[in-house]
Amino acid sequence: MSAVAEKYSEFQKLGVEILSMSIDSVFVHKMWNDHELSKMVQG
């Protein structure tokens with residue numbers, strides 16, 4: 001997922017939309033967003 005995030009602007013230039021799905025709970029997503037995502041993607 002982080003590799004896609006790094007190239008997201010290139011996908012946008014091509015008119016591509018990126019979708020993802022997960023079966024994790026909202027609590028797992030919040031923890032991941034708060035603690036892991038910021039380590040992988042700036043901004």
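The values are calculated or read from the model by the stated rules, or taken from the named source; none is laboratory data. Note that this is a predicted model, so its numbers are computed, not measured. No Cβ is skipped: glycine too gets one built from the backbone with ideal geometry, and neighbour counts run over all protein chains shown.
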> If a residue has to be surrounded by 10 or more Cβ atoms within 10 Å (Cβ to Cβ) and either assigned to a helix (DSSP H, G or I) or in contact with a Pro (Cβ under 6 Å, 6 or more places away or on another chain) (or both) to count, how many in segment 11-31 make the cut?
Replying inline: 6
> Only one of (1) surrounded by 10 or more Cβ atoms within 10 Å (Cβ to Cβ); (2) basic (Lys, Arg); (3) at pLDDT below 85 is not met by LYS7, so which one is it?
Replying inline: (3)
